[in-house]
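The values are calculated or read from the model by the stated rules, or taken from the named source; none is laboratory data. If you're wondering where the values come from, they're calculated on a predicted model, not measured in any experiment. Methodologically, a virtual Cβ is constructed for each residue, glycine included, from the backbone with ideal geometry; neighbour enumeration extends over all protein chains shown. For accessibility, only protein heavy atoms count, side chains too; no ligands or nucleic acids. Shrake-Rupley method; radii C 1.70, N 1.55, O 1.52, S 1.80 Å.
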Amino acid sequence: MLLLATSKGILRLKGGGASLFPAEGLLDEEGRPRYERLLKALREAGAGRGAYLGLGPGFALLRLQPFPSLQGFSLEEAVLAEAERSPLFGGEELLTDYYLVAPEDERHVRVLYAALPKRAAGLLAGLRPARVEPLPLALWRYALAKSEGQTLLVVENLAHTVAFFAGGVLQGFRYLTLPADEGTPELAEEIARSLALFGHPDPVEEAWLLGLPEPPRVPPGLPAARVEQGVALDLEAFLEAPGPLLDLRPRRRALGEGLPREAQLAAFLAALFFALGLMGQSFFGQMAAREAERAEALRRQVDLLKAQAFQPTRPQGLGLEEVLKVAAERPETLWLTRLEAEEARLYLEGKALDPYAPLLLARRLGGKVGPLERGSIGDRTVYDWEVEVGPAQAR
């Protein structure tokens, strides 16, 4: 079940059908969200465990901007500081999540981030949803999954956004000043100006106009070679499709979080040695053994690739030596756990202690980085990453 919250009420998608549950007073006179009323409206619409909650711009912050890409720079703190500058939440304590879109250059990375008051996140957590995220994201992923164009424009009439993708990568988005349903030449002009702001003044290959319960009308002069209109009644099948993913559900509090650094270290060490005593073996010994196994598997894969290098036919593309040279020059905060070669693609996987190293590695290889998954080892944040290089062949 999908529940999409707008200022006018709750739109529910279930069983291939859409139902609208009008609700009044979800925003106050100043446009600030009333989360208690939102919670009540969601319950009346049938929200329950495992539901997807999409929040319109009146309830959750969504922004795209570059951040410094420097070793030791805390992206989590920078995102939180930027989110706190928004007047939407009036100084409330915030919960944030972010998605690393792509490197801007060697010193900056483009980040899509969202924010929600922790108080509101706690209220919504009582519904036990499967995911809570800003409303446009599911529609963007839906269009990305269905599009066949290299350049894609997405216009949707729930949050009234326009977003531009090139090669599946988000280049920019903004909230429209005119309703997406208007279908006028003025709307087409605003969309064209938006594309110019995103660095693409030319028409796109494909434009998707998505909406519920009706799609937006096609404005005359829309800068697109092909236009598709859609009612995303099958949206649930695309919730986990490739594309920007965020989640504003409360996360578990890390051990010692909120305490001074010295207290965090003491709490972590106490818990660690207690766990070691119960387990009867060294945690770090297990980690070393696992890393040794991964290194051996990687060595075998490299030997196989080197053996393939002496085939009579040497296809053109990225050479194994070049890949290994770049990998050898990786930052100390990044390491490889898997390397796989196919006919025209190379796949690299690994872990990193900061989110920038995988992005820079992908940039140096001319490849594409996949979504980063955050985890933790003790009090350290660890990022699982993957990079795809293609079209290329290991020769």
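What to note about this one:
- Every pair of residues 6+ apart whose Cβ atoms lie under 9 Å, when the first sits in region 1-20 and is free of Cβ contacts under 8 Å to residues at least 24 places away in the same chain while the second is in a loop (DSSP other than H, G, I, E, B) and charged (D, E, K, R): K8/E24
- Breaking point among (1) within 18 Å of the chain's Cα centre (by Cα); (2) assigned to a strand (DSSP E or B), for S19: (1)
- Remark: pairs (first residue in region 185-199, assigned by the TED database to the domain that holds L152 and in contact (Cβ under 8 Å) with a residue 24 or more places away in the chain; second residue open to solvent by 60 Å² or more (accessible area, probe 1.4 Å) and charged (D, E, K, R); Cβ separation under 7 Å; 6+ apart in sequence or on different chains) = S194/R174.
- A207 being touching a residue at least 12 places away in the same chain (Cβ under 8 Å) and buried (at least 22 other Cβ atoms within 10 Å of the Cβ): yes
- Of everything listed in (1) part of a strand (DSSP E or B); (2) without any contact (Cβ under 8 Å) to a residue 40 or more places away in the chain, the single unmet condition for E24 is (1).
- Tally of residues being open to solvent by less than 70 Å² (accessible area, probe 1.4 Å) and not small (G, A, S) across region 213-249: 17
- Filtering region 129-176 to residues that are open to solvent by 20 Å² or more (accessible area, probe 1.4 Å) and either outside the structural domain of L64 (by the TED database) or among the charged types (D, E, K, R) (or both) leaves R131, K146, E148, R174.
- Of residues in region 327-368 being of a type in the set (S, T, Y) and part of a strand (DSSP E or B), the one modelled with the lowest pLDDT: Y347
- Residue check, E92 of a type in the set (D, E) and over 17 Å from V369 (Cα atoms): yes
- Qualifying residue in region 63-70 (condition: touching a residue at least 60 places away in the same chain (Cβ under 8 Å), surrounded by 21 or more Cβ atoms within 10 Å (Cβ to Cβ), polar (S, T, N, Q) and over 19 Å from L26 (Cα atoms)): yes
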